[in-house]
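Written below as structure tokens is the structure these notes are about.
The values are calculated or read from the model by the stated rules, or taken from the named source; none is laboratory data. All values derive from a computational prediction rather than experimental measurement. Don't worry about glycine lacking a Cβ; one is built from the backbone with ideal geometry, like all the others, and counts go over all protein chains shown. Please note that ligands, DNA and RNA were not included when accessible areas were found on the heavy atoms of the full protein model with its side chains. Shrake-Rupley method; radii C 1.70, N 1.55, O 1.52, S 1.80 Å.
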Amino acid sequence: MSASAVADAYGLADDPSWEDVRWEDHERSVRVRGARVAYVDLGPTDPDAPAAAPLVLLHGFGGCWQNWLPTIPPLARSRRVIGVDLPGFGASALPRDLPTPAAFARVVEALCEELDLGPVVLAGNSLGGLVATIVAGRSPDRVERLALLAPVGGAHIARVALEAGPKILGMQLDPLLRRTPLRSREHPLATLVHDPAALSPRLMRAALLPGAGKPGVPLAALGIGLQGVRHANLDGLLRRITAPTLLIWGLGDRLLPSRTAETFTRGIADARLVVLDDTGHVPQLERPRTVNRLLRQFADGS
């Protein structure tokens, strides 16, 4: 089932603001499968708040947990929210093995076990969406609900690794974001987002800079390419997913066109697709208020 959502204004921030959080108070790390994994952990401050399944957030290729900055504080009001740096990305150490989607999935499973999270609401964007899909298909008892934002997968995975990967690697986000206002639709970030000029430069720097130039990025590009054939046909994996699944896609996604969502809606028994107009590949940064509302309602079962 698919539908277009009436989206809030592009780039409209949500409350509470990510800028009001002392993030260093919530940053954690733990050793998982032989390597240190960094994550951020926020939750309700009211000890009498009803228990809800934790929300675990996975970033995309070249990303970091900060890709979810506008999402974490609003959703952490009602449930524990954990944003993960995949191995070799953000502040997480390089893994012992080649970083592949399947290896990332094993780390996510082990992290959930280490933190004793029980069944979780698992959400992933892009590469993180593929990792979340693997976890949900391989360990259905661990995933209560699954949210996928423009997930990589299907026949286009090899193309993403071979074409989009080098493009992202070549963006040189660090100097780009430090010196350049996001004024032009021709800005290199237009590969990722629909309209860089309409987004807060402060948010984009905070959300993207921690993921720039990390050692796991080129290794992950290689790992994704090597596993591309294996994950080109996801049908068997998708059929094993029992969790209700929400797919969120931007109609203006230049990396993964929204028509590729059919791979997931066709394969997952209980899947709903929401398409957002004038939105690119990172909906949680482009339409934070809309995405947060969709995720909150979905996580609550409505």
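Please turn the phi angles of the range 45-53 into ³J(HN,Hα) values with the Karplus equation 6.51 cos²θ - 1.76 cosθ + 1.60 (θ = phi - 60°), one per residue in order, whole Hz, x for glycine and proline.
My calculation for the range 45-53 gives 8, 7, x, 8, 5, x, 5, 9, 4 Hz in order.
Taking the range 202-302, how much of its Cα-Cα pair set, in percent, is spaced more than 22 angstrom apart?
47 percent
Of the heavy-atom accessible surface of the range 55-100 (probe 1.4 angstrom), what whole percent is carbon and sulfur?
Roughly 50 percent of what the probe reaches on the range 55-100 is carbon or sulfur.
At 20 °C and 1.002 mPa s, what whole-number value in µm²/s does Stokes-Einstein give for the translational diffusion of the range 8-73, with Rh from the Kirkwood sum over Cα pairs?
The Stokes-Einstein estimate is 152 µm²/s.
Can you tell me the accessible area per residue over the range 1-123, all protein chains present, probe 1.4 angstrom, in square angstrom?
42 Å²
List every residue whose amide H lies under 5 Å from the amide H of GLY88, counting only residues 5 or more places away in sequence or on a different chain, with H placed 1.01 Å from N in the peptide plane.
ALA93, LEU94
Which shape class, rounded, prolate or oblate, goes with the range 1-150 when its Cα gyration tensor gives a ≥ b ≥ c as root eigenvalues, a/c under 1.5 marks rounded, and past that a/b bigger than b/c marks prolate?
rounded
Ranked from the most accessible area to the least, with a 1.4 Å probe and all protein chains present, what is the order of TYR10, TYR39?
TYR10, TYR39
Between SER200 and ARG33, what is the label-to-label distance in nm when each label sits 7 Å out along the Cα-to-Cβ direction?
3.4 nm
For LEU255, tell me the accessible area in Å² from a 1.4 Å probe, rounded to the nearest 10.
20 Å²
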